[in-house]
1. Do we have residue A:125 as open to solvent by 60 Å² or more (accessible area, probe 1.4 Å) and in contact with a strand residue (DSSP E or B) (Cβ under 8 Å, 6 or more places away or on another chain) here?
2. Taking the condition within 14 Å of chain A (Cβ to nearest Cβ) and either more than 24 Å from residue B:252 (Cβ to Cβ) or under 13 Å from the mean Cα position of the chain (by Cα) (or both), does residue B:101 pass?
3. Condition first: open to solvent by less than 10 Å² (accessible area, probe 1.4 Å) and among the charged types (D, E, K, R). Now tell me which residues in the stretch B:137-196 satisfy that.
4. Within the stretch A:1-93, which helices (runs of 4 or more DSSP H) (wholly inside it) include 3 or more residues that are out of contact with any Phe, Trp or Tyr (no Cβ under 9 Å at 6 or more places or on another chain), more than 30 Å from residue A:149 (Cα to Cα) and not aromatic (Phe, Trp, Tyr)?
5. Suppose we keep only residues that are assigned to a strand (DSSP E or B) and without any contact (Cβ under 8 Å) to a residue 24 or more places away in the chain within the stretch B:83-101. Which one would you say is least open to solvent (accessible area, probe 1.4 Å)?
6. Need the failing condition index for residue A:93 against (1) in contact (Cβ under 8 Å) with a residue 24 or more places away in the chain; (2) within 14 Å of chain B (Cβ to nearest Cβ); (3) not hydroxyl-bearing (Ser, Thr, Tyr), just the number.
7. For the stretch B:54-82, which residues satisfy the criterion of being of a type in the set (D, E, K, R) and either buried (at least 16 other Cβ atoms within 10 Å of the Cβ) or farther than 15 Å from residue B:15 by Cβ (or both)?
8. On the given criteria, is residue A:110 facing chain B (nearest Cβ under 10 Å), within 20 Å of the chain's Cα centre (by Cα) and at pLDDT 95 or above?
Amino acid sequence: MLPAPVEQLITELSKLPGIGRRSAQRIAFHLLRRPREETQQLAQAIVDVKERIRFCERCFNYSEEELCSFCRDARRDQSLICVVEEPNDIIPIEKGGDYRGLYHVLGGALSPLDGVDPEHLRIRELLARVGEGGVEEVIIATNPNTSGESTALYIADLLREKVKVTRLASGLPVGADLEYADEATVSRALSGRREL
Amino acid sequence: MYLEHLEIKGFRNYRQGSVSLGPGVSIIVGRNGAGKTSLLEAAQYSICGKSFRTSRDAEMVREGSGFLRVSAAIETGGVKRSRLVSLQPGQPATVDQGGGPRWEQAGSVLCFSPDDLQLVKGAPAERRRFVDEAVSRRRPAYQKLAGDYQKVLSQRNRFLQRARAGIVRLADISPWDRQLMSLAFQIHDEREEYCRTLSPAFAEAYDRISGGSGSAEAVYRSQLQAHAGEEDREAAAVRELEQQWGGDLERGATSIGTHRDDIEFRVGGKNMRVFGSQGEQRSTVLALLLAEAVTESPGGERPLLLLDDVLSELDPDRRGRLLGALGNGFRSQVIITAADYNLIPVGGCEAAVVLEIGQDGLIRAAEAGDV
């Protein structure tokens, strides 16, 4: 029904997360209506991101150079490492603005059901970084679910003798109404309450 | 929960039907196939959106009708509301909830049908589910806890299979062990607490039905109890689990945890699952239901009890005592079905209202000569 190139574009777009066949069609027709330069820019951006972005050699965040902007920044606290599952987990921590240390991106969380074992995560590399010295504290910021928790326990076991290991607290979201918090969150916040 | 009035259209074998109910015990009499069970089903469906007979809603729509409609006048916590539920096969039910919740909590209606005997006779999983559902109604956060436990258990079992295949090192199972035991003890404490409160109510209900005295109990059985009173019971259980690594590896399954729990219903020291007669097992399930109904829920609101065909399997003494137990200061509304007037014990319950299903689907008070 549609010319082959259009059909091909729709097929490719519908592989993207959250994009179904219908949305893919809308985007495809939208692109057809846009000026040539604009679509060229989009195509180039996609090519660039794959060609120019690699993993930072130290923390495995996305980077354009050997080391990412955090690892190159000498003003950041070199004695602190915050361990996250994926590069996008860094964004909310940076937005918070309070953290001035370095990162380490594991590339996932332990999950035998999904075939993710310790050697698939960058745990050996984290141990090496700590082994080089100068690190005083490792903050484990894996997600507060069963996979993230197991990953945290696994890493904590390996590091406990060498360095101080901490875990992000979990509980009520700041600025939200208690009324809208789910039962499990309230339950956890209650058990982790503190004295004023 | 008090169901005052129910009107049904196109439901199972009903073209149309309606019934008004008192706040106490109502006994619905009708020959086989008259629509007694369907009436209970309609009551449950209109309130909770679930049926104890089927998980496929479309089955409830009368053949050739194309849709069903159930309207219910209910009172909860002193507030009267009317609800209207309609269903067309292939579409989600539409609910006019009259200012109330879309569906009432599952526990606001408790059903017993002859199939529920599995609760006593069946596998431990049946009894764990009964307890888990009861705990979830009291503590909604428990559901997430139980879900997390299942997840960690599946992860650990898969890990064992991967270790057996030589893909991972068995020693790396430790994070899963510790997380499993941490969740297991939280589940253990909730289940234990529930059985502790249930047991005396169960004993009392069983006595009232059987005419016995104080020998019934609901006993929680868990492997984790071996570590009760230890200083760090979680660590002790993790060590015990470590000792099972070899066997677990071979089976590819986890040998210790709350997934192995059971609840024993004992009467006079006899485990009802193994040694109970049909009648005793039936009394046990009924006593559990009664106990669950009186064990105070957070809101203090008593559930509606729907008892399908429970009288036929009990001896006349027990029938009389059951109705006595339900009628006398029980506070929950109860609807019972029976195929035959002879099943209603004489003088067994002055408080019960007997209704009969007529050919036209109208349900009216039985005449004095019938009973």
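The values are calculated or read from the model by the stated rules, or taken from the named source; none is laboratory data. Bear in mind that the values here come from a model prediction, so they are computed numbers and not experimental data. Note: ideal-geometry Cβ built from the backbone for every residue, glycine included; neighbour counts use all protein chains shown. Surface accessibility is based on the protein's heavy atoms, side chains included, excluding ligands, DNA and RNA. Shrake-Rupley method; radii C 1.70, N 1.55, O 1.52, S 1.80 Å.
1. yes
2. no
3. The answer is B:156, B:177.
4. A:4-13, A:21-33, A:36-52
5. So, considering only residues that are assigned to a strand (DSSP E or B) and without any contact (Cβ under 8 Å) to a residue 24 or more places away in the chain, the one least open to solvent (accessible area, probe 1.4 Å) is B:86.
6. Checking residue A:93 against (1) in contact (Cβ under 8 Å) with a residue 24 or more places away in the chain; (2) within 14 Å of chain B (Cβ to nearest Cβ); (3) not hydroxyl-bearing (Ser, Thr, Tyr), the one that fails is (2).
7. B:56, B:57, B:59, B:62, B:69, B:75, B:80, B:81
8. In short, yes.
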